[in-house]
1. Report, in whole Å, the centroid distance computed from the Cα atoms of the range 121-156 and the range 27-64.
2. Over 25 Å between Cα atoms, which of K79/K179; K39/K256; K79/K211; K179/K256 qualify?
3. Note down the relative contact order for the chain as a percent, whole number, built from C-alpha pairs under 8 angstrom at least six residues apart.
4. Work out the length of the dipole vector of the range 2-288 about its Cα centre, built from +1 on the beta-carbon of each Lys and Arg and -1 on the beta-carbon of each Asp and Glu, and round it to the nearest 20 debye.
5. So between L175 and H279, what do we pick up on full extension, going 0.36 nm a residue minus the alpha carbon distance?
6. Which FRET efficiency value, to the nearest 0.05, do you get for E106 and H191 by plugging their Cβ-Cβ distance into 1/(1 + (r/R0)^6) with R0 = 25 Å?
7. Taking the number of other C-beta atoms within 10 Å as the exposure measure, put K140, K79 in order starting with the fewest.
8. Rule-of-thumb check for the range 61-125: C-alpha Rg over 2.2 N^0.38 Å?
Amino acid sequence: MLNIGNVTLDAIVESEEPFADPFQFLPDCRQEVIDEHAKWLMPRYVVPETGRLNFCFQSYVLRTEHATILVDSCIGNDKERPHRPTWHRRNGSYLADMAALGVRPEEIDFVLCTHLHGDHVGWNTRLVDGRWVPTFPNAKYIMARTECEFWQNRYYEDPTGPRNLSFGDSVLPVLEANKAVLVDMDHEIDHGVWFEPAPGHTPGNVVVNVKSNGASAVLLGDSIHHVLQVIEPDWSTFVDEDPAQARASRRAILEKYVDTDTLIAPAHFPLPTAGHFVHERNRFGYRMVGD
């Protein structure tokens, strides 16, 4: 648990694994950059034996004075993801891990979706008697209107597309159950918790800001996937809808928070994940809490 003023921040980790080839995931990646920083990149961020990038897949639970908030809901159980074998028909312990934090599904007041990719919306729903139903029955699912409309159009054009499957089983049932609240990209959810636009990865991609009692944090979602993008902010991923815009959003985040006390909570950095952006020589760097 981490404290942000009077707000607590906990992570629910669904998996941590060597996930991606760096040159496929980051088309501009150069081996000499990895070699230059190998001493601290390996083995935490890059697997020495294979060169693959380590990723963590996790949600965050924020507990404010007024609400219990889940930020992004990971991959989910029982989802049909044949294009991603490690995500396909999972049977993991996510809800038990949530319970270990002292939180039951019915106690979640808000589910915040930084964007609508499958590894961020999976536990929005669960399979009950052959139907996908909202996992968090008393929650409002908050998502940017721009983001929802973009994926809704994509889904109706091609419901079986690999990147569209998650809309059908993890977002559409929430819309149909009237649990979704579509908002502007700068919406304030609770006092001191608000969205901030960070488009590029997807059109409606946002980060989540938290401010309490003089302390602050920003939950990055997929604005920055891997620490290599801190070293090289111009390296966009092959899954970014608008690589140039993603690059601009990423650099703006780094410039805004570098060498500040604002806690950074990325979605996919390996454990223990949370830390701070710092200047290191002529580059941005990242220092995890406790390092």
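Read-outs: derived from the displayed coordinates by stated rules, not from any lab. In this text, all values refer to a predicted model and were calculated from it rather than measured experimentally. Don't worry about glycine lacking a Cβ; one is built from the backbone with ideal geometry, like all the others, and counts go over all protein chains shown.
1. 29 Å
2. K39/K256; K79/K211; K179/K256
3. Dividing the mean separation by the residue count of the chain yields 16 percent.
4. 320 debye
5. That pair, L175 and H279, stretches by 33.2 nm at full extension.
6. Given R0 = 25 Å and the Cβ-Cβ separation, E is 0.65.
7. So the residues, fewest neighbours to most, are K140, K79.
8. Its radius of gyration relative to the 2.2 N^0.38 Å reference: 1.17.
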